[in-house]
Amino acid sequence: MSSSRVGRRTRRVLVFLHVVVSLGWMGAGAANVVLAVTALTVPRDVARVCYQLIDRIDMVLVIPAAFGALATGVVLGLLTPWGLARHWWVLVKLVLTVAVIVFSTLGVGVWVLESIERPGPAAWPLVWGGAANLVAFLLMTWASIGKPWGTTPWAGARTRRAGASRAGRSRPGVSRPVSSGAGRVGVDASGGR
């Protein structure tokens with residue numbers, strides 16, 4: 001992997017901002033699901049207030065956080081060795097982020113406005129639409145932690161070679177089997193250093 005285009009402190013600030021806005025987006029989305037479920041079990045006038053609160057949370061928290069997560073994620077991808085299309089986990093997060101924004105705009109947002117006007121028929125799509133967004137958030141969180149799936153075909157030979165050479169090394173403090181060349185196998189406790 002190539003070196004970062006920003007210093008360590010700047011990268012940490014960007015990661016911090018990305019995590020904060022992403023968590024805010026997920027938390028606000030979870031609050032909206034709770035409000036949508038609540039709206040199913042209360043009288044129409046209270047349900048209307050729930051939908052108005054969903055609309056307000058969308059305007060004040062969800063939309064800014066969604067675009068904040070997208071912007072900080074793209075900046076991190078462009079300025080760090082992870083790239084935007086070098087690793088599957090980054091590319092999947094980018095695609096899911098854009099998909100959730102589009103789905104929330106064209107689907108969930110419309111259902112919120114319809115529910116404010118006429119509480120009732122659009123309530124279930126708000127519940128399952130919001131729940132689908134939460135599943136996407138959890139998948140993106142897992143991908144950020146696990147960094148699965150390796151490099152993409154667009155990673156370039158240099159990135160793939162670096163990943164392959166790292167895959168053969170042990171972590172510090174972890175023993176690995178070694179051969180003495182005489183058919184005997186021992187344990188290298190140096191951690192592959």
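The values are calculated or read from the model by the stated rules, or taken from the named source; none is laboratory data. In this text the structure is predicted, and so the values were computed from the model without any measurement. Cβ coordinates were reconstructed from backbone atoms using ideal geometry, including for glycine residues, and neighbour counts include every protein chain displayed.
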Determine whether the stretch 56-65 contains at least one residue that is acidic (Asp, Glu), modelled with pLDDT of 95 or more and under 21 Å from the mean Cα position of the chain (by Cα).
yes
With the condition kept exactly as written, say whether any residue in the stretch 180-187 is part of a loop (DSSP other than H, G, I, E, B), at pLDDT below 60 and either among the charged types (D, E, K, R) or closer than 25 Å to VAL90 by Cβ (or both).
yes
Take the conditions closer than 30 Å to GLY156 by Cα and either surrounded by fewer than 18 Cβ atoms within 10 Å (Cβ to Cβ) or small (Gly, Ala, Ser) (or both) and apply them to ARG44. Does it pass?
no
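Here is a yes/no grid of residues against (1) buried (at least 20 other Cβ atoms within 10 Å of the Cβ); (2) touching a residue at least 24 places away in the same chain (Cβ under 8 Å); (3) closer than 30 Å to GLN52 by Cβ:
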{"residue": "VAL62", "(1), (2), (3)": "yes, yes, yes"}
{"residue": "LYS93", "(1), (2), (3)": "yes, yes, no"}
{"residue": "LEU96", "(1), (2), (3)": "no, yes, yes"}
{"residue": "GLY107", "(1), (2), (3)": "no, no, yes"}
Of all residues in the stretch 65-77 being surrounded by fewer than 18 Cβ atoms within 10 Å (Cβ to Cβ) and touching a residue at least 40 places away in the same chain (Cβ under 8 Å), the one that is nearest to VAL100 (Cα to Cα)
GLY68
